[in-house]
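Before any comments, here is the structure.
Laboratory data are not the source of any read-out in this text; all were calculated from the coordinates shown. All figures in this text were calculated on a predicted structure; none of them were measured in a lab. Cβ atoms come from the backbone with ideal geometry, glycine included; neighbour counts cover every protein chain shown.
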Amino acid sequence: MSDCNISGSIPKEIKNLNNLIDIRLQNNELIGSIPVTLGGLQKLQGLNLGNNKLEGSILDHLCHLNKLVDLQLDGNKIYGSIPACLGNLNTLRTLSLAFNGLTSIIPSTLWQLNDILHFNLSSNFLHGSLPLEIQNLKAVVDIDLSNNFLLGNIPIIIGNLKNLQNLSLGSNRLQGQIPKSFGDLISLVFLDLSNNNLFGVIPKSLEKLLYLKYVNLSFNRLSGEIPTGGSFRNFSAESFMDNLALCGSSQLQVSPCRKSTHRKSRTKKALLPIVLTLSIMFTLVALLLTFVLIKCLKKPTKPSTNTDMLSHETWRRISQHKLVRATEGFSENNLLGRGSYGSVYKGRLDDGMELAVKVFHLHLEGAFTSFEAECEVMSRIRHRNLVKIISSCSNDDFKSFILEYMPNGSLEKCLYFDNNVLDISHRLTIMIDVASALEYLHFGYSNPIIHCDLKPNNVLLDENMVAHLSDFGIAKLLGEEDSMTQTQTLATIRYMAPEHGREGKVSKKGDVYSYGIMLMEIFTRKKPTDEIFTEEMSLRSWVGESLCHTVMQVLDTNLLRRDDEHFSSKDECVSSILRLKG
């Protein structure tokens, strides 16, 4: 019964269909939790509940289905841990738990599924590292662990997976080098390692992979020459963009490699004086060029950023003139929003690609500094809950960023101006996304980054309502040993921490304070600047007092009614969220 617009919950009486072998209810509108009674269907071999609105955790009752071959729960709102007992289902061939809110490590028992073919845990909040036991998945064809918080190195032993065709580890926090053993993955067709912290060279052993059709190594810290043999002859610049120091063919939009030839000759002693003379000459020329380059890079009208340098060739067709055309002359009809130092417009390129263009108002004091600050911060960071700057357009009298377009606009717009009411689950998921972005800024990079201006207008929502933190115009980079820094730039009143407003001190604690204010605003639908709040009564104290009585006094009336059949559980949920305000 897939794709039938079925709503409601799965009835617990499903246990009475005890001869069921296969259940296909994917792509519907099912709500509620997965019934415990499903565990009684001992003949069940296939269970697909993907792409519904199921909530709750995965309970151990599914582990009783000892004939289960296919388990797909992807695209729901399932949270909590992955049950370790799923590793006891040695009949499993497909396990897909992607696009949920799972927050645990990957249980070690799952690496014991020796006959698993399709293994998809992508787009959750899973953490931990990849263990050596991954080699136990001898039969696996697809592994997708992308869009999680996985750490550590990629195990060398992964090269033992001879049947592996698709490997996606993108958008994690993996580090270290790409193992040379990847060249032993003889069946590999698809490889995505993008958006990690990988460094070193791309192993030439990958040239041996005869079936390799797709590679994405972008947004890492890779260096050295891009391989040219085998399938690498067919890959484009998009496979390697935004790395540290890759070199190779001009078609890949990277710097050319410097080749050095070592020739053995019987006359090398005679050539030595000539070589020394030439070396001295080249050294002097190099010093002169370096001096000139440094002087050029110091020009204030052309800030040097990784975003500019790495994306200029890819986006060379994006000029100021084309941005004007894409936004219909920066028409008010395309205006998405205004900030302190600029405006954001929706644009559409000639090829149909939609984008957002942030144009800085350079006549305003501080606009140029804001542009430079945002360049410095955004060129360093990559995270799925941060808005991605695709490129920039900069000259003496025009500066702009080209950004991902977020079709659902800002969180403020969805909260106050849209007819579509965000329910408790939506609001909680959005705030978890913002917390994930904040955690990355504070702890996921070598130098902590303080956003300094957390508020609903700076949280943007994509087509799937995934939240992306934006606007780093007043963000600050801390030193590795620093816990705070000073600023003369004020953030938004009533959102910023007291010490930021009084003394100009910004720190991770200040961001957390602003997050707490926003958390209360999201669930009360009251701005901290609302006229009901005065010096004697703030949003924080108003919510605090309500928790001594009933949260219904302050809760957004769209969220909960007393006649709701789940009133008690929802009331307890929201109360526990608002207690985080301290």
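For the stretch 164-179, putting each phi into the Karplus relation 6.51 cos²θ - 1.76 cosθ + 1.60 with θ = phi - 60° gives couplings of 5, 9, 10, 10, 10, 10, x, 6, 10, 10, 5, 9, x, 9, 6, x Hz, in residue order, rounded to whole numbers and with x for Gly and Pro.
The ranking of S425, S231, S122 from fewest to most other beta carbons within 10 Å of each one's beta carbon is S425, S231, S122. Computed from backbone phi, the HN-Hα couplings of the stretch 45-59 come to 10, x, 9, 10, 10, x, 6, 10, 10, 5, 10, x, 9, 8, 8 Hz, rounded to whole numbers (Karplus: 6.51 cos²θ - 1.76 cosθ + 1.60, θ = phi - 60°; Gly and Pro given as x).
What is the diffusion coefficient of the stretch 150-221 in µm²/s, taking the Kirkwood radius over Cα pairs and the Stokes-Einstein relation at 37 °C with a viscosity of 0.692 mPa s? Mind showing how you got there, number by number?
Values: Rh = 12.0 Å.
So the translational diffusion coefficient is about 273 µm²/s.
In which sequence would L59, L460, L137 go, from the one with the fewest C-beta neighbours within 10 Å to the one with the most? Write out the running numbers ahead of the final one.
Numbers: L59 16, L460 28, L137 23.
Result, fewest neighbours first: L59, L137, L460.
Direction-averaged shadow area of the convex hull around the Cα atoms of the stretch 325-449, nm²?
On the way: hull surface 37.3 nm².
The orientation-averaged projected area of the Cα hull of the stretch 325-449 comes to 9.3 nm².
The calculated P(r) of the stretch 196-256, using every Cα pair and 10 Å bins from 0, goes 24, 61, 15 in percent.
Defining a contact as two alpha carbons under 8 Å apart and six or more residues distant in sequence, what relative contact order in percent does the stretch 7-251 show? Mind dumping the intermediate values first?
Values: 695 pairs, mean separation 23.2, N = 245.
Answer for the stretch 7-251 is 9 percent.
Based on the alpha-carbon gyration tensor of the stretch 7-251, what equivalent-ellipsoid semi-axes (square roots of 5 times the eigenvalues) come out, in whole Å, largest first?
Equivalent ellipsoid semi-axes, largest first: 37, 17, 15 Å.
Among E207, E439, E365, a tally of other beta-carbon atoms within 10 Å of each Cβ gives an order, fewest to most, of E365, E439, E207. Distance from the alpha carbon centroid of the stretch 9-70 to that of the stretch 96-128 works out to 18 angstrom.
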